[in-house]
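Report on one structure; see the data block that follows.
The values are calculated or read from the model by the stated rules, or taken from the named source; none is laboratory data. All values derive from a computational prediction rather than experimental measurement. Every residue, glycine as well, gets a Cβ built from its backbone with ideal geometry; the counts of neighbours run over all protein chains shown.
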Amino acid sequence: MLALFLVSSLQKIFPDTANLHLESQGECFLDELHNFQLVLRSDTDEEVELITKTDLTVRLYSQGFVKGTPAPEKNDGYYIHEKTVFPDPLFPVTGKIRLEKGKAVAIWVVCRDLTAGKHKIIFTAKEKSVEYALSVFDCKIAVSPVPVTNWIHVDCICDKHGVEPFTNDFYAVFDKYIELYILGGNSMILTPVFTPPLDTKVGTYRRTCQLVGVKKEKGKYRFDFKKLKFFMDFCRARGIEYFEFSHLLSQWGGTFCPKIEDEDGKLLFGWNDKSGGKRYKRFLRYYLRALVSFLRQSGYEKACYLHLSDEPNGKFVGQYIRKSKFVYKYVEKIKTVDAVNAPKLCNIPSLDVPAIATFDYYKMNELPENYFLYYSGWGCWQRHTNRFLHLPLQRVRVLGYQLFLIGASGFLHWGFNFYHSQFSVRQINPYEETDAGGAFPSGDSFIVYPSEKGATPSLRLFTMREALQDFYALKRVERLYLQMLR
């Protein structure tokens, strides 16, 4: 006997899930994605054909499973207990659905490109039918999008798909990643002007991914921004609103230079060069002036942010302040942004937008006027929003309410597709290894999976989109309320 159930998008469905959060109707705005699940369970092993009837654009995904690290402690009541295999990757439904006796199978349903009115979505399998009712309001929640970034790692795309950075073959694959990136609610993209000095073992280098051409002539530097312009135009045409340029200093303090090569592939700067040295300062003067001129001429100046060093802390506070002051003199209207977990850096004039970790902002007496929120790693798991595999989806979605309640002006995360172990020592297969070589909680380092010709979404990606929709809906209510008071 076959049974069909309509279930909330906020429940992770395991094969042994018995108590289902039933949901047969929903409401949304025109510019939202609306998600729910269809669960099938049979008392025999069989394959069934699923027929969908609706006037909406609906995409169906079959839920896959990956291994994950369990929750580390049991004093936080908001995680999934006693599981080491979790639902996450979502594969397009093609052909019949295979059912095993007594086991629940979840189909993720995405409604998109909506039209106003009342709609029905009818699912039928073996003469069994269920009906979902969706009401779409004749208005949008859209406000000016805030910067939301989830760092795309270009080298990981190249490694997984066998393409060279910024070639035609690369952009064919990158286009698929950008589609999911936008679908997940992201509006700002990490732009590798130079190879990003992120999560790299000291003394080693990640694959060269450099958009800005550099030529040194008689002690002077000249720059070619053609590749950068193409990259930015490509992303803007697909919905990206903001660009954050890769970091000018090494991670966790900014002591060293990033990997920068000239047009012939010769290393100009790297681990052997101190970022405070005269040679690099001279380079930065030429580069920043040329960059500002390029952005002004291309019309991107107001849409860009500049990074210095990721997560400077502790003994590097003074160093970061000195170097940020130097850079700030040359950037003019380009905003500076960095993830910082040292409260002293949250109100310095040379950092326009500090990105503050969830576990830090609670400790701060005075929040800056303009700041992003971010979370990462084990420090941001207990009683905080996050996206680890062992967390329920409610814990992912509450981010939208949190962003609104604390007045954040944006959100940053470091891992859209980090398919490396910690410090980029080796590549990983994200379907088999979800914790970056045991360094992070499973799910921290990526939120999409590589597929044959592009990327595969996840439960967490669509839930992040729902979280941001909540944020924008609250912003719209706030705006209407303030208008009413005038």
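The residue list Ser409, Ser424, Ser445, Ser451 contains one member that is within 12 Å of the chain's Cα centre (by Cα) and among the polar types (S, T, N, Q), which is Ser445. Just one of (1) crowded, with 21+ Cβ neighbours inside 10 Å; (2) free of Cβ contacts under 8 Å to residues at least 60 places away in the same chain fails for Leu405. It is (1).
If the requirement is being modelled with pLDDT of 95 or more, of a type outside the set (Asp, Glu) and either touching a helix residue (DSSP H, G or I) at 6+ places or on another chain (Cβ under 9 Å) or buried (at least 20 other Cβ atoms within 10 Å of the Cβ) (or both), which of these qualifies: Ser350, Ser293?
None of the other options fit; the residue is Ser350.
Screening region 282-380 for strands (runs of 3 or more DSSP E) wholly inside it with 1 or more residues that are more than 30 Å from His390 (Cβ to Cβ) and in contact with a Lys or Arg (Cβ under 8 Å, 6 or more places away or on another chain) returns the ranges 304-306, 353-357. Screening Thr208 against (1) over 30 Å from Glu23 (Cβ atoms); (2) touching a strand residue (DSSP E or B) at 6+ places or on another chain (Cβ under 7 Å); (3) touching a residue at least 60 places away in the same chain (Cβ under 8 Å); (4) not charged (D, E, K, R) leaves a single unmet condition, (3).
Look at region 471-485: where a residue is at positive phi, no partner that is modelled with pLDDT under 90 sits 6+ places away or on another chain with Cβ atoms under 7 Å.
Taking the listed residues Glu32, Glu47, Glu82, Glu100, the one that is acidic (Asp, Glu) and at pLDDT below 95 is Glu82, with no other qualifying.
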